[in-house]
1. Any idea how far apart A:Phe91 and B:Val328 come out in nm if each label point goes 7 Å out from Cα toward Cβ?
2. Per residue of chain A, what 222 nm ellipticity follows from adding -39500 (n - 2.57) for every DSSP H run with n ≥ 4, rounded to the nearest 500?
3. Of the listed pairs B:Lys71/B:Lys213; B:Lys198/B:Lys289; B:Lys43/B:Lys78; B:Lys259/B:Lys288, which have alpha-carbon separations greater than 27 Å here?
4. Rounded, prolate or oblate: which fits the stretch A:132-180 when a ≥ b ≥ c are the square roots of the eigenvalues of the alpha-carbon gyration tensor, with rounded for a/c under 1.5 and prolate only if a/b beats b/c?
5. If the only charges are +1 at each Lys and Arg Cβ and -1 at each Asp and Glu Cβ, what is the size of the charge dipole of the stretch B:5-78 around the Cα centre, to the nearest 20 debye?
6. Evaluate peptide A:62-69: per residue, the Cβ atoms of other protein chains within 10 Å of its Cβ; return the mean as an integer.
7. Could you point to the residue in A:Leu126, B:Ser234, B:Pro190 farthest towards the positive end of the protein assembly as shown's charge dipole, with +1 and -1 charges on the Cβ of Lys/Arg and Asp/Glu respectively?
8. So how do A:Leu134, B:Leu199 line up by other beta-carbon neighbours within 10 Å, fewest first?
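What follows draws every value from the coordinates through simple rules; no lab data is involved. Keep in mind the model is a prediction, meaning the values are calculated, not measured. Glycine gets a Cβ as well: all are built from the backbone with ideal geometry, and neighbour counts include every protein chain shown.
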Amino acid sequence: MTETSAIVILIAAILTNNILLTNFLGMCSFVACSGQIRTAVGLGIAVTFVLTMTTAINYAVYYGILISAEEAAELGRAAPLLSTDITHLSFIVFIAVIAAFVQLVEMFVERFSPRLYFALGIFLPLITVNCAILGASLFMVIRGYNFAQSVGFGFGAGVGWALAIILMAGLRQKMNYSNIPEPFRGVPIAMIVTCVIAMAFMGFAGMVAIQ
Amino acid sequence: MVYLWSVLSFGSLTTALAALLMVAERYLVSYGICKLDINAGEKPLEVEGGRTLLSTLYENEIFIPSACGGKGTCGHCKITVTSGGGPVLPTETPYLSRKEIRSNVRLACQVKIREDIYVRIPEELLNIRMFASTVESVSELTHDIKEIRLRLDEPAELSHRPGQYVQIQAPSSNEPVFRAYSISSPVYEPNKVELVVKLVPGGVASTYLHSLKTGDTVHFTGPYGEFRLNEDPSVEIVCVGGGCGMAPMKNIIYTIYDKWPDRSCWLFFGCRTTDDIFYLERFEELAKKHPNFHVVYALSEQLGPDERWEGETGFIHLSVDKYLETGVKRQAFLCGPPPMIEAVTRVLDEKGIPSDDIFYDEF
C-alpha cells in the first residue's frame, strides 16, 4: 500500500475518493457557501491551502513527536523526538494546528483580498471546524501515508472539495433561474443535486482505488 | 511520565503556534498610516490603520456613544461613513434600517480602518469629553444595588440634561471596557455624578464599580443621550422603572421639583420583593413637600411569611393602568427590562400618550 505514488493518491483524492462526495465531510460550508461561484472559488482555494499545509504539519507533528519510538521503528520511520507514546493527543493537537493556520489564512485574506474576506464572512474562521480538514489529517494517520503521500492526499482532498463546491455553486446559480417545485427549493434541492454529483463521481471509481 | 510529556509537548506546540500568529499579525495586520477625515476637513487626523473606527476615534478623544463597549450588540455607535468604510457587514445589518444603509450609516465599532476614511459626526458628539473623578461616597441600597457618588476633578463640571448617561471606563485584562450608566444626580449639582449600579454576576463594569472605595479615581465620558424633558410645566411627567432602572428617574424627578415645585409627576417603580425596595422613603418625603408628586411602588412576587407590604402588588404596568387617567397631556420615561418596557408602552398607548412622547432605556 505504501507503494502507491503520491500522484496517484492526489488524483484519487480528487476523483474517486473525493472527501466531500464519498466521505461526506465538510458538508456544512459546502451547502452554506455554494451560492455564488466567486465565493465558492475563494473558499475552495482557502480550504485547499489549509488542507495541504495542515496535513504536512500534522504529519511532522504526529511522526515527529506524538508517536512512540517502538511504533516508529516498527513502521520503519526515523525515531521521534520523544520516545513516549502520546498519540492520545492527536485530535487536540491536530485541531490546534488547524486553528492556528486558519487564523493565519484569515489574516492573509483580509490583508490582500478584503472583497473575498467580506464575501466569505463567518465561513472563513469556520474552516477551523470544517470536518474535511481534521478528517484528512486522521485519514493520513489511519492509512499510514508517508510524507509525500500525505501532502499529495491533503492537496488532492482540498482540490476535490473545491471542485465539488464550485460545481455545486455553478449548478445553484443555474438553478436560480429554473422553476423548482416549491417544497424542493433551497436546501432540499441542494441535497438532491449533491447526491447526483456524488453518483456521477462514482463513475470514476474504477480508475484508481486508495484505502 | 506520559502525562508530563503530554502537557509539555502540547504546551510548547501551542506556544510555538501562538508566537507564529503574533509575528504574522505584526506584519500582516498593519495597514500603515491612514487619513481619518471628520466632517469634510473640519478635523483631519492621521491614524494607525487596522483597528476599529470606534476605538481609533476614542483614542483621538472623540467619544461616540456605545453601551456595549464595541461588541456590536447595542447599535448606539452609528455614524455616517461617506467613503472608505468597506461594505456593510452582516454584524451591522440587524441595527441599521434600509434608509440608514442607503445614507451610509455604519456602526463605528464594526468598521475597521483599512484605508483613508471619511466620516461625518454630529457636532453634539464632538463636545463629549473625558472626565476624571473621585469616589465621594458609596452606599448600599439593597443587597445587590449600590449608589456611587463621584466628585468631578478634571473637568470640574458636567452640564447635562436629565435622562442622559455617561460611559464608565472599567479596567479589564486587555483593553479598558466601557459601560453606560445613567446619571442619577440632579442637574443642579454640576460637579457631581451619582450612579445607581446593580451587581451583575460576571459583569466587568458592575463588578469594578461595586469594588470601588471612597477616594478611588474613576474615568468616564459623557454626557450621552437624546432625551429632552418637556419644558412646559403643564405637561405631566410619568416615570416607570423596574429592577435597578431608577437612576434616570431620580435625576428627572429632582430636577423637575427644583425648577417647577407644583408640576405633576408620577413615579411607578416595580420590584420583586421587599428586599429590592430602595429610595422609597426619600420619595415619600418629597411627595409630602410637593403634593403633585405621586409615588407608587409595586411588588411582583408573593410576599414571604415575614414580609410586610401595604402597597401595590403585581407587575408595574398594572399599577400604571390603575392610577393614570386618560386624556392628560404627558411625557413618559421608562427604564427597565424589555418585557416591562413593552407592557408599559402598551398601557401608556391606551392612556393616549403618543409614542413620540414615550422615551425608554432598555437593559
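1. Roughly 6.6 nm, to one decimal.
2. Values: 9 runs with 133 residues, N = 211.
Result for chain A: -20500 deg cm²/dmol, rounded to the nearest 500.
3. On the way: B:Lys71/B:Lys213 29 Å; B:Lys198/B:Lys289 29 Å; B:Lys43/B:Lys78 19 Å; B:Lys259/B:Lys288 17 Å.
B:Lys71/B:Lys213; B:Lys198/B:Lys289, as the Cα separations exceed 27 Å there.
4. Working: a/c = 6.00, a/b = 3.45, b/c = 1.74.
Here the stretch A:132-180 falls in the prolate category.
5. Numbers: 6 positive and 7 negative charges, 50 e Å.
Approximately 240 debye in magnitude.
6. Values: counts 0, 0, 0, 5, 5, 0, 1, 0.
What the average comes to for A:62-69 is 1.
7. A:Leu126
8. Working: A:Leu134 20, B:Leu199 17.
Starting with the residue having the fewest Cβ neighbours, the order is B:Leu199, A:Leu134.
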